[in-house]
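The values are calculated or read from the model by the stated rules, or taken from the named source; none is laboratory data. All of these numbers come straight from a predicted model, not from anything done at the bench. For neighbour counting, all protein chains shown are included, and Cβ atoms are generated from backbone atoms with ideal geometry for every residue, glycine included.
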Amino acid sequence: MSTTEEFITPREPLVVRVEGTAHERGVQYGSAAKERVLLSLENYARVYAKFADLTWDEATALARTFVPAIQDFDPRYLQEMEGIAEGAGVTFDDVLALNLRTEILFSGKARKLAAAAVVPGECTAFCDLRGPEPIVGQNWDWIPFSHQTVVVLEAVPERGPRWVSVVEAGLLAKFGMNAAGVTVLTNALVSSLDVGTPGMPYHLLLRGLLEAESAEAAEQVLRAAPRSSSANYLIVGDGTAVDAEARPGTARDISWLPVRQGEYLVHANHFISDDSAFPTTATDHGPRVMPDTLFRRERAQALAELMPRPSVAGWHEVLSDHENFPDALCCHPNPKEHELEQGSTVASAVIEPARQLMHLVLGHPCSVPRVTYDYGPFFAGN
């Protein structure tokens, strides 16, 4: 059996519930996910070397330059990463470098290699407001090793709403939802504006959104924090939704696309806002470095149009689609590509925010059963 086949073989889901102070939650998380954190570190050392031409020491040194921005935003994130490191028996710098994978992969040095680089497609996300209640979700596609490092992280913080996020072991957040009714989906974006300038990192901003008390508060998080990387944030709350295409910079560097009742939106790894909202001096690199992004969005939209009415089952079928296999909505590793350039659907979620239900597949939605997590009791404090 090849290494890739071993990676994509489904393993038992790891659900980690943490509570207490930031440091305490970090220790609990790191201890429970230690094996997966170590596997993440082993593989990201290879990823950074291939895509950014950085040794691990160089990657951690680059990550360190972001500490002041994180400290200014919320020092608890640094405390939590220190706790994760303690629990997993690794260094703080190791955990920091995991959480800055986006910034490291698209750092200034990495951009010099970008002409020849193609990275696996990241995500296809959607928000459907055509029915009586929102149905939202996404596929998360990444390098096959992450099949073995995914964690369902459930948190009871000292303050603010409880939240849940599907993450790579050691990261503070990815997509998820919270007890205040906020759901966050996401897509990586890449532009010529991504030059590695220190600011708030992508995955830590996702954490800030999941801690928000409302969709409006989540929007303020994006406006308030100077960002380092381009990224797309789909924010759903209280029956409303807005998509934020954020470029590196401040509040003026965000394009807002509201999703109104009776509408739906699909987003992949390229900018879709009007050209007038995108700087004329900037270039969207998404279609070049993740060339299947255009197809994935168009295919998901075409299938959504054929859906008689929005449903969990209908969107499951969309996310399981194999048109353009293996670079499909349900992405499978292409054996013709280098191991680290292969993409694979690592997790697939269809979420009913009003019912606090997450229908989750850890693996390929075409073959792995979708499991329903009812977060009503957990969010209520039970």
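List the pairs whose first member sits in the stretch 14-38 and is free of Cβ contacts under 8 Å to residues at least 60 places away in the same chain, whose second member is outside any helix (DSSP H, G or I) and surrounded by fewer than 16 Cβ atoms within 10 Å (Cβ to Cβ), and whose Cβ atoms are under 8 Å apart, counting only residues at least 6 apart or on separate chains? Between residues of the stretch 14-38 that are free of Cβ contacts under 8 Å to residues at least 60 places away in the same chain and residues that are outside any helix (DSSP H, G or I) and surrounded by fewer than 16 Cβ atoms within 10 Å (Cβ to Cβ), the close pairs are Gln28/Glu19; Gln28/Gly20; Lys34/Gly89.
Among all positions in the stretch 44-59, there is at least one residue which is within 19 Å of Gly89 (Cβ to Cβ) and crowded, with 22+ Cβ neighbours inside 10 Å.
Here the condition is being surrounded by 16 or more Cβ atoms within 10 Å (Cβ to Cβ), at pLDDT 95 or above and not in a helix (DSSP H, G or I); of Arg25, Arg17, Arg76, it holds for Arg17 alone. Considering (1) modelled with pLDDT under 95; (2) assigned to a helix (DSSP H, G or I); (3) touching a Leu at 6+ places or on another chain (Cβ under 6 Å), say which one Leu340 fails and leave the rest. Condition not satisfied by Leu340: (3).
Counting the residues of the stretch 285-342 that are of a type outside the set (Ser, Thr, Tyr), in contact with a Cys (Cβ under 7 Å, 6 or more places away or on another chain), over 18 Å from Ser146 (Cα atoms) and buried (at least 16 other Cβ atoms within 10 Å of the Cβ) gives 2. Scanning the stretch 279-308 for residues that are among the charged types (D, E, K, R) and at pLDDT below 95 yields a total of 3.
When you scan the stretch 231-250, do you find a residue that is under 24 Å from Pro132 (Cβ atoms), of a type in the set (Ser, Thr, Tyr) and in contact (Cβ under 8 Å) with a residue 24 or more places away in the chain, even just one? Among the residues of the stretch 231-250, at least one is under 24 Å from Pro132 (Cβ atoms), of a type in the set (Ser, Thr, Tyr) and in contact (Cβ under 8 Å) with a residue 24 or more places away in the chain, which makes the answer yes. Here Ser320 does not fit the description of being at pLDDT below 95 and hydroxyl-bearing (Ser, Thr, Tyr). Contact map, the stretch 128-140: residues that are assigned to a strand (DSSP E or B) paired with residues that are surrounded by 24 or more Cβ atoms within 10 Å (Cβ to Cβ) and of a type in the set (Phe, Trp, Tyr), Cβ distance under 8 Å, separation 6+ or inter-chain. Pairs shown: Asp128/Trp315; Ile135/Trp315; Val136/Phe126; Gly137/Phe126; Gly137/Trp315; Gln138/Phe126; Gln138/Phe175; Trp140/Phe175. Within the stretch 37-53, is even one residue at pLDDT 95 or above and outside any helix (DSSP H, G or I)? No, the conditions are met nowhere in the stretch 37-53.
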